[in-house]
Amino acid sequence: MPWINSRFYANPLFGRGLERARIASANRVWSEEYPELEQQPTPQPQSGKAAAPTSAAHPGRIRPAHHGTIEGKASVGYAETAGLTPQKSPSVKHAGPYDRSKWDRQSLDQLREARRNIMDISERNGNVRHARPGKNAGSIETSVWNDNLDAAEKSNGSMPGHYFFIRQAGVGPQRPPKDARFGQKGAPVRSYGPFVNVGGGDVPKGTRTYIDIYDH
């Protein structure tokens, strides 16, 4: 379970792929053990805390987006929530984080809705991250991208909030920092989770990850 680019990843292949995309989107050269340079869109600063690796399914090649708006929304969901998976079903004792057959259905539905909410927020607040898999994406990266395309197709701007914040319950910050200039007073207008953060990004790894939505 290595550290890659100063981030911890449970899945090293996925971690390398996501870090390649992040480095390339910042117009820098990937220089870790597997050097690559991918052309990616220029990223925007984040509006909340981001995570990194995620689910596995939709195996095969990356699905094409219907049009630029859907692909743009999917790139937000991928960049901001790629480290999150649903929790396991209560009856499951042992399962890897990417085994969909063992996911809790309610947690999966919550993660899908949270991604749509973040994508809706990105239409009102452009201060979000963008990323997508590179040319050599593996099955996990591809599945996460296609999950976000699914969510983007259902995003219609109707969900609440202007900001979001991803946190690990009981570990690390539980509210946005003061310099974020949101979420300092009152409760979130909506909260999703808990999910599993498998590692990477700014949010501590753990199984009690929440996405909080704020108006101000």
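The values are calculated or read from the model by the stated rules, or taken from the named source; none is laboratory data. This structure is a prediction, so every number in the text was calculated from the model and none was measured. Here the Cβ is made from the backbone with ideal geometry for all residues, glycine too, and neighbour counts use every protein chain on show.
Taking the condition crowded, with 20+ Cβ neighbours inside 10 Å and under 15 Å from the mean Cα position of the chain (by Cα), does Ala137 pass? If you could, list the steps in order and put the result at the bottom.
Numbers: crowded, with 20+ Cβ neighbours inside 10 Å: yes; under 15 Å from the mean Cα position of the chain (by Cα): no.
No, not satisfied.
With the requirement that a residue be among the hydroxyl-bearing types (Ser, Thr, Tyr) and either on the phi > 0 side of the Ramachandran plot or part of a helix (DSSP H, G or I) (or both), what does the range 91-125 give you? Working first, answer last.
Keep residues of the range 91-125 that are among the hydroxyl-bearing types (Ser, Thr, Tyr), which gives 91, 98, 101, 107, 122.
If the condition is that a residue be among the hydroxyl-bearing types (Ser, Thr, Tyr) and either on the phi > 0 side of the Ramachandran plot or part of a helix (DSSP H, G or I) (or both), then Ser101, Ser107, Ser122 are the ones that fit.
When you scan the range 142-154, do you find a residue that is surrounded by fewer than 16 Cβ atoms within 10 Å (Cβ to Cβ), modelled with pLDDT of 95 or more, more than 15 Å from the chain's Cα centre (by Cα) and under 21 Å from Ala74 (Cα atoms), even just one?
Checking the range 142-154: at least one residue is surrounded by fewer than 16 Cβ atoms within 10 Å (Cβ to Cβ), modelled with pLDDT of 95 or more, more than 15 Å from the chain's Cα centre (by Cα) and under 21 Å from Ala74 (Cα atoms).
Run down Ala131, Ala187 and say which single residue is in a loop (DSSP other than H, G, I, E, B) and either surrounded by fewer than 21 Cβ atoms within 10 Å (Cβ to Cβ) or among the polar types (S, T, N, Q) (or both).
Details: Ala131 fails: either surrounded by fewer than 21 Cβ atoms within 10 Å (Cβ to Cβ) or among the polar types (S, T, N, Q) (or both).
Answer to the selection: Ala187.
Filter the range 135-181 down to residues that are part of a loop (DSSP other than H, G, I, E, B), farther than 24 Å from Gly206 by Cα and not basic (Lys, Arg), then give me how many there are. It would help to see each step written out before you state the result.
Applying the first criterion (part of a loop (DSSP other than H, G, I, E, B)) to the range 135-181 yields 135-138, 155-162, 169-170, 172-177, 181.
If we keep only those that are farther than 24 Å from Gly206 by Cα too, we end up with 135-137, 155-162, 181.
Next, only the ones that are not basic (Lys, Arg) stay: 136-137, 155-162.
Count: 10.
Find all pairs meeting these conditions: Cβ atoms under 6 angstrom apart; at least six residues apart or on different chains; first residue within the range 131-147 and farther than 15 Å from Leu84 by Cβ and touching a residue at least 60 places away in the same chain (Cβ under 8 Å); second residue of a type in the set (D, E, K, R) and not in a helix (DSSP H, G or I).
Every condition considered, the pairs that remain are Gly134/Glu38; Asn146/Arg63.
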